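J.: First, the structure itself, so that you have it in front of you.
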Amino acid sequence: MSHPVIEVDDCVSCGACVDACPTAVLELGEIAVEVVDGDSCIACGTCVDVCPTGAITEIVDD
Ligand code: SF4
Ligand code: SF4
């Protein structure tokens, strides 16, 4: 299973990663984006590429 790692302090809740994710892994939460369906992450890296603040630091397998 893969999922993105999000630095909450760096997230500005712009929603770019939510819109770009092909498998709806991410949703905007109260203070930052949240992983809501990690099981669906295909580790494509798109969310990392579109984030303007570098808040998504890596995609990890666990
Ligand atoms: S790596 Fe791809 S599938 Fe996984 S959360 Fe990011 S955009 Fe979605
Ligand atoms: S693209 Fe980056 S700053 Fe925008 S909501 Fe996603 S993690 Fe937060």
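The values are calculated or read from the model by the stated rules, or taken from the named source; none is laboratory data. This one's a predicted model, so the numbers in the text were calculated from it and none came from an experiment. What goes into the accessible areas is simple: the full protein's heavy atoms, side chains included, and nothing from ligands, DNA or RNA. Shrake-Rupley method; radii C 1.70, N 1.55, O 1.52, S 1.80 Å.
J.: Counting only C-alpha contacts under 8 Å and six or more residues apart, can you give the relative contact order of the chain as a whole percent?
T.: 48
J.: Ordered by residue, what ³J(HN,Hα) values in Hz, to whole numbers, does region 15-26 give under the Karplus form 6.51 cos²θ - 1.76 cosθ + 1.60, where θ = phi - 60° and Gly and Pro are x?
T.: x, 4, 5, 4, 5, 7, 5, x, 10, 6, 6, 10
J.: Starting at the first residue of region 46-62, write each ³J(HN,Hα) from the Karplus equation 6.51 cos²θ - 1.76 cosθ + 1.60 with θ = phi - 60°, in whole Hz, x for Gly and Pro.
T.: Going residue by residue, I get 4, 4, 5, 5, 8, 5, x, 10, x, 6, 9, 8, 6, 10, 10, 9, 8 Hz, with x marking Gly and Pro.
J.: Give the ranking of 30, 58 by solvent-accessible surface, highest area first, calculated with a 1.4 Å probe.
T.: The ordering from most to least exposed comes out as 30, 58.
J.: Can you give me the long-range amide H partners of residue 13? Hydrogens built in the peptide plane at 1.01 Å from N, cutoff under 5 Å, separation of 5 or more residues or another chain.
T.: 33
J.: Can you show me the helix-derived [θ] at 222 nm for the chain, built from DSSP H runs with n ≥ 4 at -39,500 (n - 2.57) apiece and divided by the number of residues, rounded to the nearest 500.
T.: Only helices count here, giving -3000 deg cm²/dmol.
J.: Given the whole protein assembly as supplied and a 1.4 Å probe, what does the accessible area of residue 39 come to in Å², nearest 10?
T.: Roll a 1.4 Å probe over it and residue 39 shows about 120 Å².
J.: At 1.4 Å probe size, put 36, 12 in order of accessible surface, largest to smallest.
T.: The ordering from most to least exposed comes out as 12, 36.
J.: Same structure, new question: Give the Cα extents of the chain along the principal axes, in whole Å, largest first.
T.: 26, 18, 18
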